[in-house]
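Please treat every number below as a calculation from the coordinates, not as lab data. None of the values given here were measured: they were computed from a predicted structure. Quick reminder, even Gly has a Cβ in these numbers, built from the backbone with ideal geometry, and neighbours come from all protein chains shown.
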Amino acid sequence: MKLLTHNMMQSHVKGISRRFPLLIKPETVRVVEQEFNPDFVRRMLGRIEYEALQQAMTWLGHEGKLPKDCPSEDENNEDILKAIHHALLEVEMVEGKLVCPESGREFPVKNGIPNMLLNEDEV
Amino acid sequence: MRPEHTAPPEVFYNTDEAKKYSRNTRIMEIQATMSERAIEMLCLPEDQPSFILDIGCGSGLSGECLSEQGHHWVGMDISEAMLDVAVSERETDGDVQLADMGQGIHYRAGVFDGAISISAVQWLCNADKKGHSPPKRLYQFFKTLYSSLRHGARAVLQLYPETPDQMELIMYQATRAGFSGGVVVDYPNSAKAKKYYLCLFAGIQQGQAQVPAGLTDEMDTATNTDRMRTKDFRSAGGVKNATRKQKVIARKERHLRKGKTTKHSENTKYTGRQRRPKF
Ligand SMILES: C[S@@+](CC[C@H](N)C(=O)[O-])C[C@H]1O[C@@H](n2cnc3c(N)ncnc32)[C@H](O)[C@@H]1O
């Protein structure tokens, strides 16, 4: 699971108000090189929650690799865009857990696949 | 018998069924053709990579078509066996989650530029568990899908409705959830090639806001020749044994012939590359 995915996901347990961000409890983390596309990174800047991305990088043991503040959508500095590309698409959790921030419901992650299935009484 | 009547989807799409989606070239060709048609109807901006949701993504066939056009995607599916093929065999670029679309879309508001679904949504018309109500599950699905889309985005869902009533129920719940749009029928006169697509709009569209016209039989001939060409490629090595790179390049050529542009027209060292972990 990439951090772009994590940043867009939320808990869908019924009857809660705080759904984001899902806490990350990693067991296995890896870094996989991905093709860099500055247009895509810029396009995502307007919809990512930057603080949650920084927090997620810390949870995965990659603290301090992101610029302090979220750049604007017309950012041109390649180093800055590459740092965000790296966080969004290259650092991934292979095994571990996601945890609902309000209910504490755990969603196991195996082989990079989060299990988001709810029991019928949680829908 | 329709598969929807035999077992719940997470049971029907077991390891054997999932294998077909990476081995059976006929199934793969049909799913890829429908995926490309759905993507076309999303009317995404030409020169930008978009972020797309694939609902009932299965083994990642439909997602692969998105990747080939330079888009990023995430997928959800209720079958572990199908997702295992996506991750372990196909090594898709998109991330996938094990999830039931009838329980709602587990994504924040306004994050997707579009959504596609190929041959999956008709499953929601069945009550597979005690307490399942198809209208309620359809509404929960459409309501959360609507909010996960950016304003003005589209969702194009190819599906196999069992009866006209089913189609009406699906469209009714989509409209209740806020969608406008309608049904596109491709090749209405052909028993085999006839396909239904729900083309849904989330909010006011930029520019042309009409439901696209269905394809007719004339175009069908074009698709047939296209299939023949794919066969030429197949005999020259076989799709099964072709490397990932060859497959990607072949599909790109298919696009170029159709006059479509692919996002990465030039073949580079990244084309069809399997990304190795870098520790
Ligand atoms: C015919 S397959 C198509 C897979 C893929 N879209 C393709 O074109 O290759 C239908 C898929 O829908 C999935 N599906 C059925 N019901 C579902 C549900 N309630 N939630 C999520 N996925 C579901 C099945 O597990 C299966 O993988």
* Output yes when any residue across region A:82-99 is more than 24 Å from A:Val32 (Cα to Cα) and at the interface with another protein chain (Cβ under 10 Å from one of its Cβ atoms), and no when none is. => no
* To do: Would you check if there is a residue in region A:19-42 being surrounded by 22 or more Cβ atoms within 10 Å (Cβ to Cβ), at the interface with another protein chain (Cβ under 10 Å from one of its Cβ atoms) and touching a Ser or Thr at 6+ places or on another chain (Cβ under 8 Å)?
  => yes
* **Scope region A:30-79; condition under 15 Å from the mean Cα position of the chain (by Cα) and free of Cβ contacts under 8 Å to residues at least 12 places away in the same chain; matching residues** => A:Glu51, A:Thr58, A:Glu63
* Asked: Which members of region B:1-57 meet the condition of being among the charged types (D, E, K, R), within 12 Å of the ligand (Cβ to nearest atom) and either over 22 Å from B:Leu124 (Cα atoms) or surrounded by fewer than 19 Cβ atoms within 10 Å (Cβ to Cβ) (or both)?
  -> B:Arg2, B:Glu4, B:Glu10, B:Glu17, B:Lys20, B:Glu29, B:Glu36, B:Arg37
* **Residue that is farthest from the other protein chains (Cβ to nearest Cβ), among those in region A:100-117 that are more than 30 Å from A:Gly46 (Cβ to Cβ) and assigned to a loop (DSSP other than H, G, I, E, B)** => A:Gly104
* Asked: Based on what the data block shows, is A:Ile16 more than 10 Å from chain B (Cβ to nearest Cβ) and not in a loop (DSSP other than H, G, I, E, B)?
  -> no
* For residues that are under 21 Å from B:Leu145 (Cα atoms) and at the interface with chain A (Cβ under 10 Å from one of its Cβ atoms), scanning just region B:76-91, find the one that is farthest from the ligand (Cβ to nearest atom). => B:Leu83
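Results for (1) surrounded by fewer than 24 Cβ atoms within 10 Å (Cβ to Cβ); (2) outside any loop (DSSP other than H, G, I, E, B); (3) within 11 Å of chain A (Cβ to nearest Cβ); (4) out of contact with any strand residue (DSSP E or B) (no Cβ under 9 Å at 6 or more places or on another chain), shown as yes or no for each residue.
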position: B:Gln97; (1), (2), (3), (4): no, yes, yes, no
position: B:Ile105; (1), (2), (3), (4): no, no, yes, no
position: B:Gly110; (1), (2), (3), (4): yes, no, yes, no
position: B:Ala115; (1), (2), (3), (4): no, yes, no, no
position: B:Gln122; (1), (2), (3), (4): yes, yes, no, no
position: B:Lys129; (1), (2), (3), (4): yes, no, yes, yes
position: B:His132; (1), (2), (3), (4): yes, no, yes, yes
position: B:Pro135; (1), (2), (3), (4): yes, yes, no, yes
position: B:Phe141; (1), (2), (3), (4): no, yes, no, no
* Structure fact -> Scanning region B:58-75 for residues that are within 12 Å of the ligand (Cβ to nearest atom) and closer than 15 Å to A:Thr5 by Cβ, the one surrounded by the most Cβ atoms within 10 Å (Cβ to Cβ) turns out to be B:Leu66
* Asked: Within region A:10-35, how many residues turn out to be of a type in the set (A, V, I, L, M, F, W, C) and touching a Phe, Trp or Tyr at 6+ places or on another chain (Cβ under 6 Å)?
  -> 1
* Can you name the number of the only condition in (1) without any contact (Cβ under 8 Å) to a residue 40 or more places away in the chain; (2) closer than 29 Å to B:Phe141 by Cβ; (3) β-branched (Val, Ile, Thr) that A:Ile113 fails? -> (1)
